[in-house]
Amino acid sequence: MDFKLGRINLNAVAQGVGGLVFGNESSASSDDSYVERLLDRISNGVLAEDRRSAMTELQSIVAESRSAQLAFGAMGFPVLMGVLREERDDVEMVRGAVETLVSALTPIGSAQGPKNEVQATLMNSDLLSREEENISLLLSLLSEEDFYVRYYTLQLLTALLTHSQNRLQEAILTIPRGITRLMDMLMDREVIRNEALLLLTYLTREAEEIQKILVFEGALEKIFSIIKEEGGSDGGVVVQDCLELLNNLLRYSASNQILLRETMGFEHITSILKLRGSSYSFTQQKTVNLLSALETVGLLLKGGRETDPGKDSNRLANQTVLAQKKILDQLLMLGIESQWVAVAVRCAALRCIGDLVARHPQNRDVLASKMLGEEPNAELALNSILLTILRTSSTQEFLAADYVFKWFCEENTAGQARLVSTLVSQANAVTHSPLENASIKFGRELLQGLTVNESDGDLESCCRAASVLSHLLKDNVQCKEQVLQVKLEGPTQSLGTPEPLMHWIVVYLDLAASMKNKDNDHKGSGSARKSYTQPIILRLLVTWLAECPNAVESFLDSRHHLTYLLELISSSSETVFTKGLAAILLGECVLYNRSAESGKDAFMVVDAISQKIGLTSYFLKFEEMQKRLPIVAKNAEDRKPLTRSNTASMEDVEDAEDEDSDQKHDENFVLMSIFDTRFVDLLKNLEANIRESIVELYSHPKSKVVVVPAELEQKNRESNEDYIKRLKSFVEKQCSEMQDLLGRNASLAEDLAKNGGTGASNSDQKQNGGRERVQNETLRRGLQEAMQQLEILKSENARLKEEASTYQNLANSKESDLQSLSDAYNSLERNNNQLENELEFLRKGSSQPYIDIEAIKTEAKEEAQKESDAELSDLLVCLGQEQTKVEKLSTRLAELGEDVDSLLEGIGDEIPEDSDGDEEEEE
C-alpha cells in the first residue's frame with residue numbers, strides 16, 4: 001500500500017492550476033500547499049489515525065474553498081481512487097474518500113466568479129468521469145455493507161450525472177450489471193432508496209437503452225410499490241421522484257407503454273388521481289404529485305414518438321383502456337367539479353380530457369352524454385367546460401378547456417351538428433327531455449358569450465366564444481350554412497335591427513382594434529389580452545369562409561366589411577398575425593366567390609386589392625406571417641417535462657394561479673393555441689390557392705368580349721362600306737381590350753418579380769462562397785437553355801410571320817371577292833333597269849297579257865341578296881377564325897416572351913394601306 005507522490009510534481013501542478021485560474025500564484029498558494037500536504041499525509045502517512053485525520057481535513061477544506069477544489073482536482077484524484085481500490089477494508093478511509101469526492105463535485109455557494117474563471121466542479125467531474133474504470137469502481141462500492149459508503153456513492157454518481165450525463169450513461173451501459181446494482185438500491189433502506197430514485201431519474205433522461213433495461217429489470221413494479229407505500233398523491237417528494245422516473249420510462253417508448261398496459265395495467269395510475277378525504281385539502285406537494293400523475297396520463301394518451309410506426313394503434317389502445325378504467329370521471333373531478341384544486345391541476349386535467357377524446361369516436365360519445373352533478377341540477381359536461389371557457393379569469397384554463405372542444409370537434413361532424421343545432425334553435429328551450437334542455441343551454445350560453453355590450457369595454461368572453469365556434473364550424477360546410485341563418489338583436493348599438501351573426505363578429509373585430517388602440521394609448525392592464533382578440537376572431541372568420549361560397553356572399557353583403565379588411569391589412573399598428581389572417585380572409589373572398597353580381601364578384605375584390613394595397617404588398621403579408629408560423633407551431637408542441645428542478649419551490653404552479661401577472665406570457669400561449677399544426681397547414685393550402693386564383697383573375701379582365709350575332713349582321717339600309725367600317729371598329733375594340741389584358745399581365749409580372757426579388761436579395765446575403773459557385777453554374781446552364789429557347793422562339797416567330805402574311809393575303813382575297821360581289825350586284829341592277837325599260841316599251845306597243853314586273857323585280861333582288869348574304873357570311877366566318885388564331889398566337893408569343901405589340905402594329909399597318917389604296921382605285 002504505497003501511494004507516493006513526488007513533492008516536486010505536486011508543487012508544479014498546484015502552481016500551474018493557481019496560475020491558470022487566478023493568474024497569480026500567491027493568491028492560492030496557501031490552499032494549494034495545504035491540499036498538497038494533506039494528500040501527502042494520506043498517501044505516505046504511516047499512522048492510520050494520522051491518515052484518517054488528513055482525510056477529514058481534506059474533505060473539510062475542499063467543501064469550503066473553491067481554490068482547494070481546483071487544487072484537489074489537479075492532484076487528488078489518483079490518491080483517493082487508489083484508496084478506494086486498495087483500502088476497502090478501512091471503512092472510515094473509504095467513507096472519507098467518497099465524501100471528499102462528493103465535496104469536490106459540489107458547487108460552493110451561489111456567487112459566480114469571473115466569466116473566464118475555470119469552474120472547479122465541471123473540471124473535476126470531467127477528470128473523474130474520463131476513465132471508465134473510475135465509474136466501475138464507484139458502482140462496486142454500492143455492494144459495500146457500510147450505509148454511508150453507499151449513500152455518498154449514490155450522491156457522487158448523481159453529481160457526476162448533472163455535469164457529465166452522456167459520458168456516465170455510456171459508461172454504465174458498458175459495465176456488467178451496472179444498472180442491476182443501481183436497481184438493487186431501490187430495495188435498500190429508505191434514505192438509500194430515495195437517493196437511488198433521484199439518480200435513476202437523471203440517468204433515464206433521453207437514454208432509451210437504459211430505459212428498456214430498467215423496465216426489463218422490473219422498475220415499473222418497484223415504482224408503483226414505492227408510490228403505494230408513500231401514500232399515493234398524498235405522499236411526499238419521493239412520490240414525485242417515482243412519477244418523474246415513470247414518465248422518463250414511458251415518454252418516448254411505445255414498447256414500455258405496451259408492457260405496462262398488458263402486464264400491470266393502468267389501475268395504479270388511475271388510483272393516484274383519486275381524491276381521498278376532504279377534496280379541498282391540497283398541499284403544495286400534493287399538487288405537484290397530481291401534476292406528475294396527469295403528465296403520465298398525457299404521455300399514455302399521446303402513444304409515443306411521432307415517428308413511431310405503431311404510435312396511433314398504441315394511442316387508441318391506451319385511450320380505450322383508460323376510458324374503461326373510468327378515468328374520465330376523475331379527470332372531470334379534477335378539471336371541473338373540484339374548485340379547490342390548483343389552476344395548474346385543472347388545466348392539466350382538461351388537456352388530458354382533450355387527449356382522451358382525440359380521434360376516438362367512442363370516447364367522444366361518452367363525453368358528449370356525460371352528466372355532472374345530481375338531478376335535478378345535473379348538467380352536461382360540455383356545458384360545464386364551456387362555462388369554464390367563458391368565466392375563468394385564467395388564460396391557461398381557458399386554453400385548456402378550449403383544447404377539449406378542439407379535439408371533440410376534430411373529425412366529428414355528428415357532434416358538431418348537435419352542438420350547432422342548439423345554437424340555431426336555442427329559443428325553443430322548453431322540451432320534455434332533461435338531456436335536451438341541457439343541450440339547449442349550450443347554445444344559449446354560447447350566444448350570450450358572442451354578444452357583448454359596447455359599453456362593457458371587454459371582448460374577452462366574445463373572443464373565447466368565437467374560439468369555440470371556430471371548432472364547431474371547422475371542416476363542416478353544413479354547420480357553416482346553418483349558423484349563417486342565425487340572426488341576433490341585442491344591446492350592440494351599431495346593430496339596431498336583427499343582423500346575421502357573421503356581421504356581429506365583424507363589428508366585434510373592428511371594436512377590438514379600437515379598444516386595443518385606446519389601451520395602448522393609456523397603457524392599460526388589458527392591452528395584452530385584447531391584442532389576441534383579433535387573431536381569435538379572424539381565425540373564426542377564416543374557418544367559416546373556407547370552402548363555403550354562401551359564407552363569402554354573406555360576408556360581402558356589407559361593403560364596409562371589404563373596406564375594413566383593406567384598412568386592417570394596410571394598418572401599421574397591427575401585428576403580423578392580424579394582418580396575415582386578414583389577408584387570408586380577403587383571399588377567401590376571391591377563392592370561394594361564386595357571385596355574378598356586379599360589385600360583389602371575385603374580380604371586384606381582386607381589383608380592390610390591386611388599387612388599395614398592391615399585389616406585392618398583399619402577398620408580402622403572407623410571407624411575413626409564414627416566417628413567424630414555424631416558431632409558433634413548434635412552441636405549441638413543445639412542453640417541458642415536469643422535474644424536481646422546475647417544481648422545487650412550486651414556482652410554476654404559483655405562476656399558473658396568477659396568469660394575468662405576465663401579459664406577454666399569456667399572449668404567446670394564445671398564439672400557440674391559435675396557430676396549431678392543423679391551422680397552419682390550412683393557412684398554407686389557402687395561401688397557395690389564393691395566389692393561383694388571384695393571378696388567374698388578374699390576368700383575365702372582367703369585360704371579356706362577347707360576340708353578339710346581332711353586331712355581326714349587316715343592318716337594314718347599311719351600305720357595304722359602312723358595314724366593313726363597323727366590322728373594323730369591332731376588331732379595333734378587340735385589339736384595345738387585348739392591349740388592356742397585356743398591360744394587366746405586365747403589371748402582374750412586375751409585382752411578382754419585385755416580390756420574388758426581395759426574398760432573393762435577402763437570401764443572397766446569407767450564401768457562402770461555395771454556394772455562390774453553385775448558383776453561378778446554375779445560371780450558366782440556365783443561360784445556355786435560354787439561348788436554345790431563343791433560337792426556338794426565332795423560328796417560331798418566322799413561322800408566325802409567315803402565317804400572318806398568309807392570313808393577310810387571304811383577307812385581301814376575301815375583300816376582292818366582296819368587291820366582285822358588289823360589281824355583280826351592280827350589274828344585276830343595270831340588267832334589271834334594262835328589262836324594266838323593255839317591258840315598258842312592250843306594254844305600250846303590244847296587246848299581250850299584263851306581266852307583273854314588280855314581282856320579277858322583287859324576285860331578282862331577293863336572289864341577289866341571297867348571293868350577297870352567302871358571300872358575307874363566308875367572309876365573316878373566315879374573319880372570326882383568323883381573329884381566334886391571332887389571339888391564340890398572341891397569347892403563345894406573350895408566354896414565350898415575344899413582343900406581341902410590335903407584331904400587331906406591323907400587321908395592323910398593312911391593312912389600312914391596302915384599304916386606302918382600294919378606295920382610291922374605286923374613286
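The values are calculated or read from the model by the stated rules, or taken from the named source; none is laboratory data. Note that the structure is a prediction, hence the values are computed from the model and not measured. Because the Cβ atoms are built from the backbone with ideal geometry, glycine has one as well, and the counts that use them run over all protein chains shown. Please note that ligands, DNA and RNA were not included when accessible areas were found on the heavy atoms of the full protein model with its side chains. Shrake-Rupley method; radii C 1.70, N 1.55, O 1.52, S 1.80 Å.
Brief remarks on what is shown
- Legend: residues Met625, Met333, sorted from most to least accessible area (1.4 Å probe; ligands, DNA and RNA excluded), read Met333, Met625.
- Exposure check, 1.4 Å probe, all protein chains in place: His471 carries approximately 20 Å² of accessible surface.
- Computed over the range 228-275, the range of Cα coordinates on each principal axis works out to 30, 19, 16 Å, biggest value leading.
- A probe of 1.4 angstrom, applied to the heavy atoms of all protein chains, finds Lys326 with accessible area near 130 square angstrom.
- Share of carbon and sulfur in the accessible heavy-atom surface of the range 278-406 [1.4 Å probe, %]: 51 percent
- Difference of contour (0.36 nm per residue) and Cα-Cα distance, Arg628 to Glu133: 173.3 nm
- Ranking Leu818, Leu38, Leu173 from most to least accessible surface, computed with a 1.4 Å probe over the protein chains only, gives Leu173, Leu818, Leu38.
- Probe 1.4 Å, all protein chains present, accessible-area order of Arg594, Arg150, largest first: Arg594, Arg150
- Taking label points 7 Å from Cα along the Cα-to-Cβ direction, Ser598 and Glu802 give a separation of 4.7 nm.
- With DNA, RNA and ligands ignored, accessible area of Asp312 (1.4 Å probe; Å², nearest 10): 80 Å²
- Residue-normalised accessible area of the range 235-373, given per residue in Å² at a 1.4 Å probe: 36 Å²
- Under 5 Å, built H, 5+ apart or other chain: amide partners of Leu380: Leu372
- Backbone HN-Hα couplings from phi across the range 138-147 [Karplus 6.51/-1.76/1.60, Hz, Gly and Pro as x]: 5, 5, 5, 5, 5, 8, 5, 6, 5, 4
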